[in-house]
Amino acid sequence: MDALLGTGPRRARDCLGAAGPRSSGRAARTPAAPWARFSAWLECVCVVTFDLELGQALELVYPNDFRLTDKEKSSICYLSFPDSHSGCLGDTQFSFRMRQCGGQRSPWHADDRHYNSRAPVALQREPAHYFGYVYFRQVKDRSVKRGYFQKSLVLVSRLPFVRLFQALLSLIAPEYFDKLAPCLEAVCSEIDQWPAPAPGQTLNLPVMGVVVQVRIPSRVDKSESSPPKQCDQENLLPAPMVLASVHELDLFRCFRPVLTHVQTLWELVLLGEPLLVLAPSPDVSSEMVLALTSCLQPLRFCCDFRPYFTIHDSEFKEFTTRTQAPPNVVLGVTNPFFIKTLQHWPHILRVGEPKMSGDFPKQVKLKKPSRLKTLDTKPGLYTAYTAHLHRDKALLKRLLKGVQKKRPSDVQSALLRRHLLELTQSFIIPLEHYMASLMPLQKSITPWKTPPQIRPFSQDDFLRSLEHAGPQLTCILKGDWLGLYRRFFKSPHFDGWYRQRHKEMALKLEALHLEAICEANIETWMKDKSEVEVVDLVLKLREKLVRAQGHQLPVKEATLQRAQLYIETVIGSLPKDLQAVLCPP
């Protein structure tokens, strides 16, 4: 294959191989090993080129000891190029998401729990999928047999930092494509010097002579996004490139053609409905899908989503089968063939080429699925779904006024994002209040008895509570809220939300029980207890202590220290032979 690739890519490969031998396999890396810091941000960097005999081919993977399965390599190759229907000339940036196929993950991801415990749910590391961030270039080149230079630089990561990695690619890719020089190793070495992603902190990330300044949001942040503090720039020369967000897209630009249907789309996403997005190019497709999945913040998006998907994907049959109901997935595609293949899907959004004129953009129409044409499908939202909530006309008026006044797109996006955030919060707050009422009272938690159970969630009781504590308290929108909740109960998002909240409450209950034990007089309790009961207490206290430290229970450090002191006190009261059993040398 080297002979087909030409001298430039071969030079790059030679240079990348010059870093010296590395231990093979993902499992070889430990936090102190080479590329451990790199791995906190990226899995690998790939270059995909077009080979006359092979089609899309993986030219290199860096670091070169990173192992991808054959299925993962094939997916990256196909997902890194626009399909033939897109006709993307020049430079195009887009993203994809693909399933990991590599079996057990590597141990250097052991700090996932620490990062995920502090990051908002939407920014946590993916446990079973990779994100691919692509910079594709297609330009005329007479020196190539096909007449075109076609190559993609791809950053593979488990972090959903689309804005950050797009900005990084815009710095790296033009340099790499123009010079075909061995600059990737230098860039990767710079990334390997970056501090680890730390929610709540402003980070300065140097790359190619530029300092990219970002702030990764924390789960304790207020709802509004907070850009990096400007004061951090004083001692930096040259002045840093400040990113207002690591992940937020220009929501207004993404939703321009569907603004009149934003609430309907919000409902479809909330209910986890199968939704096909057919767009003219991978960048439009991926941005629309990512915009849709961001609509539910601060609620975790619990369904599958693919910003860009092709007919060559290994999961094509899984998603297109008619032997079972369509999966809960938001699927972004550019090949019109999907209209025919997935015409049994209940919701299809067809968007056209983006037009950034000064006027309010032409809105796609709501159309019945029966009007779907397999070949010449016009833009529209093809669905039989009827929205439960009335449209917010005041929002549309404010956005229209913003267009007329030439309000900046980021301000329009902030309006739209706030509307969707408040809508989601109004929907979730009654659920949160009802769930909190299922928690046992603190006075019912006693030190020497098993703590009471969290009461079961009753859908009927919750629906009855809406009359006095429903979304009408925080949202002016009218409509069939009860009907929306009833459908929500059947969705993956309710299941995901309930499991997470129940887990958090169970950990809180365990923490309260441990605190109750530590506040009790243990010497008084031991007076009339047998050795068997005392040993049983030691074992249970140790188990609770391990769980408190391992699961990061919401308990104070003083409580953990007191629990350890209790264990030592109890063991000290036992005969020497039992002490030797409980505390072996």
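The values are calculated or read from the model by the stated rules, or taken from the named source; none is laboratory data. Note that this is a predicted model, so its numbers are computed, not measured. Using ideal geometry, Cβ is built from the backbone for each residue, glycine included, and neighbour counts are taken over all protein chains shown. All accessible areas refer to the heavy atoms of the entire protein, side chains included, with ligands and DNA or RNA removed. Shrake-Rupley method; radii C 1.70, N 1.55, O 1.52, S 1.80 Å.
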To check you understand DSSP bridge types, tell me what percent of the beta bridges within the chain (both residues inside) are antiparallel, rounded to 5.
75 percent
Could you give the distance between the Cα centres of the stretch 196-219 and the stretch 118-172, to the whole Å?
19 Å
In Å², and per residue, what accessible area does the chain have when probed at 1.4 Å with the other protein chains present?
49 Å²
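I'd like the FRET efficiency for residue 569 and residue 508, computed as 1/(1 + (r/R0)^6) with the beta carbon distance as r and R0 of 35 Å, rounded to 0.05.
0.85
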Global geometry of the stretch 521-582, whether rounded, prolate or oblate, following the gyration tensor of its Cα atoms and the 1.5 cut on a/c
prolate
With labels modelled as points extended 7 Å from the Cα through the Cβ direction, what inter-label distance (nm, one decimal) is found for residue 37 paired with residue 414?
3.4 nm
Computed over the stretch 306-353, the Cα gyration tensor eigenvalues, each multiplied by 5 and square-rooted, give semi-axes in Å (largest first) of 16, 13, 10
Would you pull out the residues with amide H under 5 Å of residue 56's amide H, same chain only if 5 or more places away, H placed 1.01 Å from N?
51
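Could you tell me the relative contact order of the stretch 277-344? Use alpha-carbon pairs under 8 Å, at least six residues apart, and round to a whole percent. List each step's numbers first, then the result.
Working: 79 pairs, mean separation 29.4, N = 68.
Dividing the mean separation by the residue count of the stretch 277-344 yields 43 percent.
Sort the following peptides by mean Cβ neighbour count (other Cβ atoms within 10 Å, averaged over residues), highest first: 273-285, 323-335. All intermediate terms of the calculation are to be shown ahead of the outcome.
Working: 273-285: 23.8, 323-335: 18.7.
Sorting 273-285, 323-335 by mean packing, highest first, produces 273-285, 323-335.
Would you rank 386, 310 by solvent-accessible area, highest first, keeping every protein chain in place and using a 1.4 Å probe?
Details: 386 105, 310 10 Å².
Output order, biggest surface exposure first: 386, 310.
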Which one, [x] 39.2; [y] 33.5; [z] 53.2, gives mean projected area of the Cα convex hull in nm² as derived from the coordinates shown?
[y]
Where labels lie 7 Å past Cα in the beta-carbon direction, separation of residue 117 and residue 436 in nm
2.4 nm
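Relative contact order of the stretch 261-489, please, whole-number percent, based on alpha carbon pairs below 8 angstrom and at least 6 residues apart.
Numbers: 283 pairs, mean separation 45.7, N = 229.
This gives 20 percent for the stretch 261-489.
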Interchain or long-range residues, amide H under 5 Å from residue 277's placed H:
331, 332, 333, 349
Pop out the carbon and sulfur fraction of the accessible area of the chain as a percent, whole number, probe 1.4 Å.
53 percent
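Relative contact order, percent, of the chain when contacts are C-alpha pairs under 8 Å separated by at least 6 residues?
Details: 874 pairs, mean separation 64.5, N = 585.
Rounded, it is 11 percent for the chain.
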For a label point 7 Å along the Cα-to-beta-carbon line of residue 495, residues of the stretch 267-281 with backbone N under 17 Å
269-275
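List, in the order given, every pair from 367/478; 362/490; 443/544; 378/401; 490/544 whose Cα-Cα distance in the structure shown is over 26 Å.
Numbers: 367/478 23 Å; 362/490 35 Å; 443/544 20 Å; 378/401 28 Å; 490/544 35 Å.
Over 26 Å Cα-Cα: 362/490; 378/401; 490/544.
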Pseudo-spin-label distance residue 525 to residue 315, built 7 Å along Cα→Cβ, given in nm, is 4.8 nm
Given the rule -39500 (n - 2.57) for each run of at least 4 DSSP H residues, summed and divided by the residues of the chain, what is its mean residue ellipticity at 222 nm, to the nearest 500 deg cm²/dmol?
-12500 deg cm²/dmol
